[in-house]
Amino acid sequence: MRLAEVIQFDALDAGVVFPEQFDARFIAEGDSWFSLNALPMNFFTADNLLNHLRFPGSALIAQMANPGDTIRRMSDWTRNPAFRQALRHGYGPGVDGILVSGGGNDLIDAAPRLLRRFGPGVTEDPLSFIDAGAMQLLRNYLHEGYARIVEWRDAPGSATRDVPIFLHCYDRVVPRDAPAAAGPGTTGPWLLPVLERLGYPDALHRTVAFALVDALAATLIALDAWQSPGGAHALPKVYVYDGRGSLTAADAGARGLSGDWLNEIHPSSSGYERYAGGFSAFIDAHFPGTD
């Protein structure tokens, strides 16, 4: 198994690599689990999941991911024309797969509305934490966003028509005071302040966070079976890797590296390595000609 070579998508124009020399070529869009660029200077998560993907042959991943990105923005052609154009035109002799890391930031942004304030009616049952109506709204717009990406892929004349799209679930995070960095430009923590504002006791923080991650995973896993309002199968050739449970959870009291996590929501290099093992095998198993 060989590590993929990861480059910025716009570096293709500089002729720094020759796509035709690789056995497989991917386009990657997503959030900080995929991104290499645009990080605050003291954001020390320079590593990412793409760096650890391995394939039987040589693979080139041209990525255009950004920290903090959401499916809402990725799937809006007015805000993200580059991704739409990348899917339309491809690169080199052809694109074999599309990798997308998305939904985690959408979940974090929606968390204050998804979670009910702790009090009467909220028990230790995870189902009582999440407002069902708000969760359905999130599911709907995630479905719509991914459906739009599939529409771009399969548009008439698209160079990536029918190319498989590979997504991943996020592993279960532990709310804790572990930002991405200390000092100016600090990002995070992300979930801990939300739970504190909503009055959740420390003893329930882990359970609530796991419930949120599991709700997002259920939404992503259902994408390839989602039915559009007209009843048509909406998202063909969308494959979702569920790697929950791959990583060792962090200690809730740790403010830095703990378990397989560098901070509250980003794995460490060893965590990405562990998660990538399963994701790589999943991609290979669903590659064209193998399913």
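The values are calculated or read from the model by the stated rules, or taken from the named source; none is laboratory data. Everything numeric in this text was worked out from a predicted model, so none of it was measured. Note that each Cβ is placed from the backbone with ideal geometry, even for glycine, and that neighbours are counted across all protein chains shown.
Descriptive notes on the structure:
- Pairs where the first residue, in region 22-45, is over 23 Å from PRO189 (Cβ atoms) and the second is at pLDDT below 50, C-beta under 7 Å, 6+ apart: none
- Residue satisfying all of: in region 34-54; at pLDDT 95 or above and surrounded by fewer than 22 Cβ atoms within 10 Å (Cβ to Cβ); nearest to HIS266 (Cα to Cα) among these: ASN51
- Scan of region 250-281 for residues that are under 19 Å from the mean Cα position of the chain (by Cα), hydrophobic (A, V, I, L, M, F, W, C) and buried (at least 17 other Cβ atoms within 10 Å of the Cβ), ordered by number: TRP261, LEU262, ILE265, ALA276, PHE279
- Among the residues of region 74-88, not a single one is within 15 Å of the chain's Cα centre (by Cα), charged (D, E, K, R) and over 25 Å from GLN21 (Cβ atoms).
- Odd one out for ARG79 among (1) free of Cβ contacts under 8 Å to residues at least 24 places away in the same chain; (2) part of a loop (DSSP other than H, G, I, E, B); (3) crowded, with 17+ Cβ neighbours inside 10 Å: (3)
- Of the residues in region 168-179, at least one is more than 18 Å from ILE98 (Cα to Cα) and among the small types (Gly, Ala, Ser).
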